[in-house]
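Asker: What follows is a single structure, and I will ask about it in a moment.
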Amino acid sequence: MKLTATPNRTALRRFAMVLIVLLFSAGLYAPALHAAEVQEVRLWRAPDYTRVVFDLDRQVQYSVFVLENPNRVVIDLSGVEMKTNLSGLDFKDSPVTGMRSGKRADVDLRIVLDLTKGVNPSSFMLAANGELKDRLVVDLYDAGVVPAVPDLQMEERPGEALQRDIIVAIDAGHGGEDPGALGYDKRIREKDVALAIARALYDRLESVPGYQPVLVRDGDYSLQLQRRPQIARQNRADIFLSIHADSFSTTRAEGVTVYALSERIAEDENVRRVAEKENSADLLGGVAGDTSLRDIEDDLARTLLDLSMAWSIEQSVAAGSYILNSLSSVATLRRDKTQQGNLWVLRSPDIPSLLIETGYLSNPDEARQLNSGSYQRRLADGIVQGVMRYFYDRPPEDTLVAWQKANNITPTLVGTAAGGSHVVARGDSISMIAQRYGVSIRELKEANDLRDDVIKLGQELTIPGAGLSTLLEPLPMEHKTVTGETLSGIAVRYRVSLASLRNANDLRNDVIHVGQILKIPPP
């Protein structure tokens, strides 16, 4: 079935869910006849954050901010009444020591969380879904922890409504008992090279505002091929990158090749999915359970899958072109266009997916390069640069990158020549300097004989040669605050310190107001 239309993922989701929306729209837009209610409060502890969930009878406007001396988190809810008892909550193992509430301006509800230490709050509203009510979720991340992709086992989160991060799933090929291709010397293994490059990609993207990387494999263990795209889907990935290295019968083969799925294989895969009624709830870009193929007639399911897969392949081929263009200044290209083939990990109809063969381990020169940390970082830089250019030209809705483009904030690729020095300035840390120059903390400490992370104002640090850093740094920008945002959350989003954000805006505390314009200092 050949289709010419290639709708985006949002359009497909809307198309698949339009009947459900029509059925419930009358109830959703019914006018409120009484104050909203907090009907239940739940709290539990995760490894690096505490989650507090407020069950409501409908969605409400709210704001969250932090106070110091003593440490508190304050949550204001507009037109809400407390209809549950807070005394039975268990705060064990969490930084919360107590929770209290009271009326504010006679119509609003203020909830105060007393804390033993400072936290970085992150909040979002979830719409009612099945037996679950409308919910306000407040995550209290431990100090120094960057809010990560939400744990979907703990609370379903279909996506933030404003300026979310672009999620990049990075898959290191092979692993565990599967070494992949072996080098010319039989010692260099594909699984090790792929994991090293994947980790370098993660480190690069983690320091870029508006991006959140996810490692599909973060150790020497095996994963089924089917499981790899599933992990990307569970994390709501916007793109899936599978990192590999190749081998050939001769030592002359060399160069990078980027693959997307072929249209013929895509058609066969769609037929198989519909025939088997595979339990692939998210295959049409929706929330788990909403778009299961089991609930859709065969003809409609095939049509939706074909539309979605056509879009996914088109975007994959385009993204591959951006990556190849960026890698052309770093490595030899075996093919200068995105190739298409039958590769299992690329069969997601809702996520642009690429397999990147970074070179040939059968070629002694290329194998030695691929086994080198500095070359691995240069490859990662080139891939990151291509990914950023692709997403800036085609930003997903409601992302920070889309907001940057809409506000004519042109990303600037900042390169750092290999080697050099850096004089420590106020507010610098060893990790910030390492990120700025595209080197690891370990390399920076080794180059300067540092036994710990302590550095001094005015100290001159030697920057080890690490190739060209291609991190995307936006030009000086401003941020307009919206309901639910906190100063600490904004600092985390733009990868700047809370202190530098306060200083740039002459703030004496962390209190901000809806609609306030904040200057964002450089990272």
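Bear in mind that the values in this text are calculations on the coordinates, not laboratory data. Since this is a predicted model, take the numbers as computed values, not measurements. Positions of Cβ are backbone-derived with ideal geometry, glycine not excepted, and every protein chain shown enters the neighbour counts.
Asker: Could I have the simple spin-label model distance between SER78 and PHE248, label points 7 Å from Cα toward Cβ, reported in nm to one decimal?
Answerer: Those two pseudo-labels are separated by 6.3 nm.
Asker: Convert each backbone phi in the range 360-374 into a coupling constant with the Karplus relation 6.51 cos²θ - 1.76 cosθ + 1.60 (shift: θ = phi - 60°), then list the ³J(HN,Hα) values in order as whole Hz, x for Gly and Pro.
Answerer: 10, 6, 6, 8, x, 5, 5, 4, 5, 4, 5, 8, 9, x, 5
Asker: Return the subset of LYS456/LYS480; LYS337/LYS405; LYS133/LYS519 for which the Cα-Cα distance in this structure is over 32 Å, preserving the input order.
Answerer: Pairs exceeding the cut-off: LYS456/LYS480; LYS133/LYS519.
Asker: Follow-up question, since we're still on this one. Show log10 I(q)/I(0) for the range 36-142 at q = 0.16, 0.21 Å⁻¹, two decimals, from a solvent-free Debye sum over equal Cα scatterers.
Answerer: Values, matching the q order: -0.67, -1.18.
Asker: So, one more: Could you check what % of the DSSP bridge pairs in the range 36-142 are antiparallel, to the nearest 5?
Answerer: Close to 95 percent.
Asker: Could you order the peptides 96-104, 358-366 from most to least packed, using the average number of other C-beta atoms within 10 Å per residue?
Answerer: Most protected by this proxy first, the peptides run 358-366, 96-104.
Asker: Here is a further query. Could you give me the ³J(HN,Hα) list for the range 385-396, computed from phi with Karplus coefficients 6.51, -1.76, 1.60 and θ = phi - 60°, whole Hz, x at Gly and Pro?
Answerer: 4, x, 4, 5, 5, 4, 6, 6, 6, 9, x, x
Asker: Now for a separate question. For ASN509 and VAL112, what is the calculated FRET efficiency with R₀ set at 22 Å and r taken between the beta-carbons, to the nearest 0.05?
Answerer: 0.90
Asker: Out of residues 5 or more away from ARG334 or on other chains, whose amide H comes under 5 Å of its own, with H placed 1.01 Å from N in the peptide plane?
Answerer: Amide H neighbours of ARG334, under 5 Å, 5+ apart: VAL256, THR257.
Asker: If you don't mind, there's one more thing I want to ask. Calculate one ³J(HN,Hα) per residue across the range 512-518 by plugging θ = phi - 60° into the Karplus curve 6.51 cos²θ - 1.76 cosθ + 1.60, and present them in order as whole Hz with x for glycine and proline.
Answerer: Computed from phi, the couplings for the range 512-518 are 10, 10, 4, x, 5, 9, 10 Hz.
Asker: Further question on the same structure: Using modelled amide H (1.01 Å from N, peptide plane; none on Pro or chain starts), what sits under 5 Å from the amide H of ALA46, excluding residues fewer than 5 places away?
Answerer: Amide H neighbours of ALA46, under 5 Å, 5+ apart: ARG51.
Asker: Multiply the residue separation of ASP48 and GLU397 by 0.36 nm, subtract the distance between their alpha-carbon atoms, and state the gained length in nm to one decimal.
Answerer: 122.7 nm
Asker: Moving to a separate point now. Roughly what would the spin-label model give for ARG104 and GLU206, points 7 Å off Cα along C-beta, in nm?
Answerer: Spacing of the two 7 Å Cα→Cβ label points: 3.5 nm.
Asker: Highest first, please rank the peptides 204-210, 170-176 by the mean number of other Cβ atoms sitting within 10 Å of their residues.
Answerer: 170-176, 204-210
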